[in-house]
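Colleague: One structure, pasted below without further comment.
Laboratory data are not the source of any read-out in this text; all were calculated from the coordinates shown. Predicted, not measured: the structure shown is a model, and the values here were computed from it. Positions of Cβ are generated from backbone atoms using ideal geometry, with glycine treated the same way; all protein chains shown enter the neighbour counts.
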Amino acid sequence: MSKVKSGLVFIIYVMATPILTVLYVGLFISMIFAVVVAVLRTVGMDMIKMNIWYEQPIPVALSIPAAVLFSLLLLYCLKYIKRALKYSLTKIKW
């Protein structure tokens, strides 16, 4: 029974590792993208819209601080996703 349980745990960690990796990379790209878009919006690209809620736009002067706060939230999430990914990778190694 112990070998079956350890085999199932191994399969779960093997399946979780690519999901955590894609989530980590996606959030990292989103973090950088948010700041770049906020800078472009502040410089004067009118086609970029940033809304807090439906039909409630963020003022142009506050787009960089809002993007930095959003990026910090993503960075906080990245810290724990990286921790879970490292744990998952250590469980996969024999």
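Colleague: Among F33, F70, which comes first, then next, by fewest other beta-carbon atoms within 10 Å?
Modeller: F33, F70
Colleague: Right, something else. Give me the number: length gained by fully extending I12 to Q56, i.e. 0.36 nm times residue separation minus the C-alpha to C-alpha distance, one decimal in nm.
Modeller: 11.6 nm
Colleague: Same structure, new question: To the nearest 0.05, how large is the calculated FRET efficiency for L73 and V22 if R₀ is 22 Å and r is the Cβ-Cβ distance?
Modeller: After rounding, the FRET efficiency stands at 0.70.
Colleague: How large is the helix-only mean residue ellipticity at 222 nm for the chain, computed as the sum of -39500 (n - 2.57) over DSSP H runs with n ≥ 4, divided by its residue count, in deg cm²/dmol to the nearest 500? Let's see the in-between values first.
Modeller: Values: 2 runs with 72 residues, N = 94.
Mean residue ellipticity, 222 nm, calculated: -28000 deg cm²/dmol.
Colleague: How do the peptides 85-93, 61-69, 40-48 rank, highest first, by the average count of neighbouring beta carbon atoms within 10 Å per residue?
Modeller: On the way: 85-93: 12.9, 61-69: 14.8, 40-48: 11.3.
Descending mean neighbour count gives 61-69, 85-93, 40-48.
Colleague: How far, in degrees from 0 to 90, does helix 63-92 lean away from the longest principal axis of the Cα atoms of the chain, to the nearest 10?
Modeller: 10 degrees
Colleague: Students often get this wrong, so try it: which of [x] -0.42, -0.82, -1.16; [y] -0.26, -0.79, -1.38; [z] -0.64, -0.96, -1.15 is log10 I(q)/I(0) by the Debye sum over Cα atoms at q = 0.10, 0.18, 0.25 Å⁻¹ as calculated from the structure shown?
Modeller: Given [x] -0.42, -0.82, -1.16; [y] -0.26, -0.79, -1.38; [z] -0.64, -0.96, -1.15, the structure-derived one carries the label [x].
Colleague: Please work out the FRET efficiency for the pair K82 and V37, using the Cβ-Cβ distance as r and a Förster radius of 30 Å; give the result to the nearest 0.05.
Modeller: On the way: r = 24 Å, r/R0 = 0.80.
Calculated value: 0.80.
Colleague: With axes computed from alpha carbons, what is the tilt in degrees of helix 2-43 against the longest principal axis of the chain, rounded to the nearest 10 within 0 to 90?
Modeller: So the helix axis and the longest Cα principal axis differ by about 10 degrees.
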